[in-house]
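A quick write-up on the structure given underneath.
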Amino acid sequence: MVDTSHVFDAEVLRHVDFKPVAGLDQVLIPGDPGRKTRIQRTQKRHPLAG
């Protein structure tokens, strides 16, 4: 069996390192908005759903 996990990680990082389009601060990958919301709610002690 061939371990390809490092290939996927490298490919994702390659895309995240792209320059964002005008008006955006960073390139996002799936899950980033939810992770950001979870961190903000945890810091502010808002209850988390699900």
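The values are calculated or read from the model by the stated rules, or taken from the named source; none is laboratory data. None of the values given here were measured: they were computed from a predicted structure. Glycine gets a Cβ as well: all are built from the backbone with ideal geometry, and neighbour counts include every protein chain shown. Protein only, heavy atoms only, side chains kept; ligands, DNA and RNA dropped before computing areas. Shrake-Rupley method; radii C 1.70, N 1.55, O 1.52, S 1.80 Å.
A few points about this structure:
- Pairs with Cβ under 6 Å, 6+ apart, first in region 16-41 and in contact (Cβ under 8 Å) with a residue 60 or more places away in the chain and among the hydroxyl-bearing types (Ser, Thr, Tyr), second outside any helix (DSSP H, G or I) and exposed (fewer than 10 other Cβ atoms within 10 Å of the Cβ): none
- The set of residues in region 4-20 that are open to solvent by 100 Å² or more (accessible area, probe 1.4 Å) and part of a loop (DSSP other than H, G, I, E, B) comprises Asp17, Phe18, Lys19.
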